[in-house]
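Novice: Pasting a structure here, questions to come.
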Amino acid sequence: MMKLKAVLPTKLSIAVAAALFSGQAMSAGFALNDHSATASGNALAGAAAGRSDISFSFWNPALFTNAKGIELYGSGAWVMPEMDVTVNSASAPASFGGFPVSGSNPSGVVDDSLVPSIYFAYPLSEKTVLGTSLNVPFGLSGKYGTDWPGRFHSAKTGVEDISLSATLAHQLNQKWAIGASVQVHSGEVQLDSVIPDSPLLSTDKEGYGDLDADDVTYGFALGAMFEPVKGTRLGLGYRSEVDFDFEGDAKFTDVSPALGSMGANLGIDDAAISDSLSFPSVLTLSAEHELNDKLMLGVTAMRTGWSSLDEMRIKYEEGADGKAQNDTVLTFDFEDQWFYSAGLTYQMSEALTLRSGLAVDNSPAKDEYRSPRTPDGDRKWFSVGASYRLGSAGEITAAYTHVAVDDVSVVRDGSFPNGSTEDGARGELDADYETSADVISIAYNMSF
């Protein structure tokens, strides 16, 4: 019993910290890039240089100068992911006996979701535009449930970042436009997992823990657009890193009395929690070139600073006995990665515009740190879209994107990574993941 008591303070706290990244977003990591049906039709090719409408301002705030007057653009993307998980083997933590964990392969891990975006532009003068926008830059949801063999690693997760921006954009001259925005970010994290039972403690009951936390913080964006010759545009946009200091509560149910009697610092008593996470910066470089009066080529290279997410470290407040359980540490060690896309826009008629695009989106997850929290793989996008102008009534836009994700495997050995006890309360897991997504985006744009 004394040996168990020595190892459990850290391990039980890790067991209740569920997957931060249980699901798959359309973009690599947990970024969402579904902010414009117009841009999605080209797989974001030319996103920081596009002159189509004000929705391109998400990637480059200078593009609020696209406004043709007082303008409103609303877009919604319905993301339909598919994830098949095949568990090859799983076992309980060694400190709980290391017995094989039974259960069925999870289904419906990732829910369909709606990603909204709204932009409003108000010209202050012929050259200066005040803009505001509402976006969801990062987010995912996923539920493995409590019956799958990897339930000690993850049960349910929700992550959401909602951003409200205020932007000022100015057309310096015929060649240059610049813009800057300030953003308010509201973030929320929900983390659930199962707490193992243990024959060594004469228990026969699995518990459940969930962590809920939120925070409001700030960010900014800068951008410029340069048109060296008529018909050729270059754009550069930068969205800053966003630093969250999450605060919330850890709550537990059905915890075995044999564990609960061993002390509040074991992580099985309700407690206030805090955690600092830095969502990554995004640098977008784009170009558009009009090949002729009907056909336009666009390209984009986007670098996301995922290295800001090296780990998640959850801190717990002191319990009634004056003790605080050890920090829960989850290693990501993400790498900065690039997204590349190319696309064509064809002006079929005065009213109808057609789009297509291809993209490669590289995952920030390393093989050695991949887990049910980060079952992430490289992606390829295949996109088509169209816009139809309704005269003075505005313009309607639709796009479809298929996202193919590379198959990946999750192999956790119970002491991962590098001999640490980070997985000591989760046990071993060997699972294969097959993932894809289909996205339908619809937008309506109108000027007043």
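The values are calculated or read from the model by the stated rules, or taken from the named source; none is laboratory data. Here the structure is a predicted model, which is why all the values come from computation and not from measurement. Here the Cβ is made from the backbone with ideal geometry for all residues, glycine too, and neighbour counts use every protein chain on show. Heavy atoms of the whole protein, side chains included, go into the accessibility calculation; ligands, DNA and RNA do not. Shrake-Rupley method; radii C 1.70, N 1.55, O 1.52, S 1.80 Å.
Novice: For segment 83-99, name all the residues that are open to solvent by 20 Å² or more (accessible area, probe 1.4 Å) and over 13 Å from D423 (Cα atoms).
Specialist: Correct list: D84, T86, V87, N88, S89, G97, F99.
Novice: Can you spot a residue in segment 326-344 that is open to solvent by 60 Å² or more (accessible area, probe 1.4 Å), touching a residue at least 40 places away in the same chain (Cβ under 8 Å) and hydroxyl-bearing (S, T, Y)? Full working, then the answer.
Specialist: Of all residues in segment 326-344, those open to solvent by 60 Å² or more (accessible area, probe 1.4 Å) come to 326, 335, 338, 340, 344.
Next, from what is left, pick out any that are touching a residue at least 40 places away in the same chain (Cβ under 8 Å): 326, 340, 344.
From the residues that got through so far, the ones that are hydroxyl-bearing (S, T, Y) too are 340.
Yes, segment 326-344 contains at least one residue that is open to solvent by 60 Å² or more (accessible area, probe 1.4 Å), touching a residue at least 40 places away in the same chain (Cβ under 8 Å) and hydroxyl-bearing (S, T, Y).
Novice: Something else: Scanning for something under 25 Å from D192 (Cβ atoms), small (G, A, S) and more than 21 Å from the chain's Cα centre (by Cα), does segment 137-152 turn up at least one residue?
Specialist: The initial filter retains those residues of segment 137-152 that are under 25 Å from D192 (Cβ atoms), namely 137-152.
Right, trim to small (G, A, S) and you get 139, 141-142, 145, 150.
Of the ones still in play, those that are also more than 21 Å from the chain's Cα centre (by Cα) are 150.
Yes, segment 137-152 contains at least one residue that is under 25 Å from D192 (Cβ atoms), small (G, A, S) and more than 21 Å from the chain's Cα centre (by Cα).
Novice: Something else: Sort out which residues of segment 84-115 are of a type in the set (S, T, N, Q) and not in a loop (DSSP other than H, G, I, E, B), and write them in order of number.
Specialist: To start, the set of residues in segment 84-115 that are of a type in the set (S, T, N, Q) comprises 86, 88-89, 91, 95, 102, 104-105, 107, 113.
Across segment 84-115, the qualifying residues are T86, N88, S89, S91, S95, S113.
Novice: Within segment 104-163, can you find the residues that are β-branched (V, I, T) and open to solvent by 50 Å² or more (accessible area, probe 1.4 Å)?
Specialist: So the first thing to find is which residues in segment 104-163 are β-branched (V, I, T), and the list is 109-110, 115, 118, 128-129, 132, 136, 146, 157, 159, 162.
Within segment 104-163, I118, T132, T146, I162 meet the criteria.
Novice: Further, regarding this structure: In this structure, does S117 turn out to be touching a helix residue (DSSP H, G or I) at 6+ places or on another chain (Cβ under 8 Å) and at pLDDT 90 or above?
Specialist: Details: touching a helix residue (DSSP H, G or I) at 6+ places or on another chain (Cβ under 8 Å): yes; at pLDDT 90 or above: yes.
Answer is yes for this residue.
Novice: Does segment 237-246 include one or more residues that are in contact (Cβ under 8 Å) with a residue 12 or more places away in the chain, surrounded by fewer than 20 Cβ atoms within 10 Å (Cβ to Cβ) and either of a type in the set (G, A, S) or more than 30 Å from G50 (Cβ to Cβ) (or both)?
Specialist: The answer is yes, given that some residue of segment 237-246 is in contact (Cβ under 8 Å) with a residue 12 or more places away in the chain, surrounded by fewer than 20 Cβ atoms within 10 Å (Cβ to Cβ) and either of a type in the set (G, A, S) or more than 30 Å from G50 (Cβ to Cβ) (or both).
Novice: Looking at segment 354-373 only, could you name the residues that are part of a loop (DSSP other than H, G, I, E, B) and open to solvent by 10 Å² or more (accessible area, probe 1.4 Å)? First the steps, then the outcome.
Specialist: Here is the first cut: in segment 354-373, the ones part of a loop (DSSP other than H, G, I, E, B) are 362-366, 370-373.
Across segment 354-373, the qualifying residues are N362, A365, K366, R370.
Novice: Residue by residue through segment 368-380, note down the ones that are closer than 15 Å to E434 by Cα, modelled with pLDDT under 90 and of a type in the set (D, E).
Specialist: Residue satisfying the conditions is D376 alone.
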